[in-house]
Every structure is written in structure tokens, then in C-alpha cells.
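A.B. asks: For reference, the structure I am asking about is given below.
The values are calculated or read from the model by the stated rules, or taken from the named source; none is laboratory data. Predicted, not measured: the structure shown is a model, and the values here were computed from it. Here the Cβ is made from the backbone with ideal geometry for all residues, glycine too, and neighbour counts use every protein chain on show. Calculation scope for accessible area: heavy atoms of the full protein, side chains included, ligands and nucleic acids excluded. Shrake-Rupley method; radii C 1.70, N 1.55, O 1.52, S 1.80 Å.
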Number of protein chains: 2
Amino acid sequence: MTNRNLLAKLPPPSAEEDFATLLDRPGVRIERIVSHGHVTPPDAPYEQAQDEWVLMVAGAARLWLEGSDEVTLSPGDHLLIPAGVRHRVTWTPPGQPTVWLAVHIAA
Amino acid sequence: MTNRNLLAKLPPPSAEEDFATLLDRPGVRIERIVSHGHVTPPDAPYEQAQDEWVLMVAGAARLWLEGSDEVTLSPGDHLLIPAGVRHRVTWTPPGQPTVWLAVHIAA
């Protein structure tokens with residue numbers, strides 16, 4: 001049995017967020033995302049064909065979802081981003097890693 | 001949009017572990033488990049028909065899987081418990097909550 005740590009071997013800050021697939025199964029993909037002050041460009045929101053359940057593991061973020069108020073996420077906060085709902089990360093703190101867990105679920 | 005916190009409103013210690021379903025979809029169920037010193041009885045290991053991916057969110061545990069060495073889990077540690085593999089929680093610290101995230105995936 002191997003176990004790994006979500007908070008270990010964090011990538012250094014770079015121009016892009018870091019995406020790492022932890023588990024990939026038909027209909028389900030579990031992913032770690034590491035941000036270092038990254039935001040989603042206002043003219044390029046995310047919009048996915050799958051539901052995405054996210055958990056803030058470490059750090060912080062502000063997230064905008066189409067049709068909702070912007071929310072601030074702290075460690076332990078989780079929410080569902082339904083398929084087809086445009087969304088943007090509007091803030092993550094610079095100078096520290098923000099670690100997300102995302103579970104992508106086929107709609 | 002509603003967001004909730006995995007570490008908020010933790011249940012008080014009780015005779016049984018606490019299980020809360022966070023998301024339930026065909027083929028995928030996301031669950032929070034809270035232990036307070038609980039262990040799995042040696043004569044009643046878990047054995048499930050689904051794969052279970054677990055993340056240690058807070059606290060600590062020791063976990064035994066059939067055919068593997070026992071492992072100690074710390075926050076951030078994650079592992080896959082394959083369907084059909086018997087397993088037992090052999091230790092969680094008493095006097096503090098241990099919070100697990102479990103993603104159950106249809107095999």
C-alpha cells in the first residue's frame with residue numbers, strides 16, 4: 001500500500017497553476033491544484049461539462065460563480081461547482097501555496 | 001451558492017464514529033468521517049464492494065489493510081483502499097477529533 005501526502009512536494013511558484021491527477025477512473029477524477037497568487041483571467045472563465053466538487057485544503061481563495069455571490073474559501077470549505085456554470089478564481093494569496101482538492105464527476 | 005466547512009460543527013465524541021454524506025451521485029459518494037479514538041474491532045474489518053479513496057484532513061490514524069503493512073496517516077496523507085480489500089482502523093487519538101474525507105467510487 002502506498003500513501004502520499006497532498007501537502008508534500010508542493011511545486012514552486014510558476015506562471016501557471018499546478019494540476020496533478022491523484023486518481024483517474026471512469027466518471028471520476030481526483031485532482032490536486034496548487035495556486036500561488038493565480039487568478040482566472042476575467043475574459044476566460046472556466047466552464048466544464050462535468051460537476052466539480054472542491055475542497056480548500058490549505059491557503060485561501062475567492063471564487064466567483066455565474067449567478068452567485070463571490071465567496072471566500074478557507075481551509076475545510078467545500079462546495080459543488082455544477083457542470084456548465086462559469087466560474088473564476090478571483091484571488092489567491094501571493095507568496096504562499098493554496099492547495100485545492102477537486103473531484104470531477106461525470107454529469 | 002452554498003459552501004460548507006468540513007471542520008465546522010464537528011460532532012462531540014460518542015460511542016460510534018460519525019458519518020456524513022457530502023455529495024451523493026450515481027457511482028460516486030463523498031463522505032466526511034469523524035473519529036474520536038475509535039478503532040475497528042479486530043473481528044469486524046471493513047470490506048466494501050466499492051473503491052474508497054481517503055484523505056486525512058485533521059488528526060491522525062493508523063490503518064491496516066489486508067496484505068500490506070500498517071500505515072500511520074497524518075494530515076494531507078491520502079490513499080486508495082481497493083474494493084474487496086479488508087481493512088481496519090487500528091488507532092485514532094483519543095481526546096481529539098480525527099477528520100477523514102472518503103470518496104467512494106463504484107468499481
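A.B. asks: How many of the residues in segment A:83-95 are at pLDDT 95 or above and either part of a strand (DSSP E or B) or not aliphatic (A, V, I, L, M) (or both)?
C.D. replies: 9
A.B. asks: On to the next question. Take the conditions part of a strand (DSSP E or B), in contact with a Leu (Cβ under 7 Å, 6 or more places away or on another chain) and more than 10 Å from chain A (Cβ to nearest Cβ) and apply them to B:Val99. Does it pass? Break it down stepwise before answering.
C.D. replies: Numbers: part of a strand (DSSP E or B): yes; in contact with a Leu (Cβ under 7 Å, 6 or more places away or on another chain): yes; more than 10 Å from chain A (Cβ to nearest Cβ): no.
Criteria not met by B:Val99.
A.B. asks: Right, another one. Give the residues of segment A:56-90 that are without any contact (Cβ under 8 Å) to a residue 24 or more places away in the chain and out of contact with any Ser or Thr (no Cβ under 8 Å at 6 or more places or on another chain), sorted by residue number.
C.D. replies: A:Leu65, A:Glu66, A:Gly67, A:Ser68, A:Asp69, A:Val71, A:Thr72, A:Leu73, A:Ser74, A:Pro75, A:Gly76, A:Asp77
A.B. asks: Kindly provide the set of residues from segment A:41-69 that are over 16 Å from A:Leu101 (Cβ atoms), within 13 Å of chain B (Cβ to nearest Cβ) and either part of a loop (DSSP other than H, G, I, E, B) or among the hydroxyl-bearing types (Ser, Thr, Tyr) (or both), ordered by number.
C.D. replies: Correct list: A:Glu66, A:Gly67, A:Ser68, A:Asp69.
A.B. asks: Could you please find all residues in segment B:17-36 being part of a loop (DSSP other than H, G, I, E, B) and either over 13 Å from the mean Cα position of the chain (by Cα) or within 11 Å of chain A (Cβ to nearest Cβ) (or both)?
C.D. replies: B:Pro26, B:Gly27, listed by residue number.
A.B. asks: Filter segment A:70-88 down to the residues that are over 16 Å from A:Thr40 (Cα atoms) and either more than 7 Å from every other protein chain (Cβ to nearest Cβ) or touching an Asp or Glu at 6+ places or on another chain (Cβ under 7 Å) (or both) and list them by number.
C.D. replies: If the condition is that a residue be over 16 Å from A:Thr40 (Cα atoms) and either more than 7 Å from every other protein chain (Cβ to nearest Cβ) or touching an Asp or Glu at 6+ places or on another chain (Cβ under 7 Å) (or both), then A:Ser74, A:Pro75, A:Leu80, A:Pro82, A:Ala83, A:Gly84 are the ones that fit.
Per-residue answers, yes or no, for (1) of a type in the set (Val, Ile, Thr); (2) touching a strand residue (DSSP E or B) at 6+ places or on another chain (Cβ under 6 Å):
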| residue | (1), (2) |
| --- | --- |
| B:Glu17 | no, yes |
| B:His36 | no, no |
| B:Thr40 | yes, yes |
| B:Gln48 | no, no |
| B:Leu73 | no, yes |
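A.B. asks: Collect the residues in segment A:8-20 that are open to solvent by 70 Å² or more (accessible area, probe 1.4 Å) and closer than 28 Å to B:Gln50 by Cβ, keeping them in residue-number order.
C.D. replies: Answer for segment A:8-20, where residues must be open to solvent by 70 Å² or more (accessible area, probe 1.4 Å) and closer than 28 Å to B:Gln50 by Cβ: just A:Phe19.
A.B. asks: State all residues of segment A:69-79 that are open to solvent by 50 Å² or more (accessible area, probe 1.4 Å) and of a type outside the set (Gly, Ala, Ser); if no residue qualifies, say none.
C.D. replies: Across segment A:69-79, the qualifying residues are A:Asp69, A:Glu70, A:Thr72, A:Pro75.
A.B. asks: Do we find a residue being of a type outside the set (A, V, I, L, M, F, W, C) and modelled with pLDDT under 95 anywhere in segment B:49-63?
C.D. replies: No, the conditions are met nowhere in segment B:49-63.
Every residue, every condition in (1) more than 13 Å from the chain's Cα centre (by Cα); (2) more than 26 Å from B:Gly27 (Cα to Cα); (3) not hydroxyl-bearing (Ser, Thr, Tyr), yes or no:
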{"residue": "A:Glu52", "(1), (2), (3)": "no, no, yes"}
{"residue": "A:Val57", "(1), (2), (3)": "no, no, yes"}
{"residue": "A:Asp69", "(1), (2), (3)": "yes, yes, yes"}
{"residue": "A:Thr90", "(1), (2), (3)": "no, yes, no"}
{"residue": "A:Trp100", "(1), (2), (3)": "no, no, yes"}
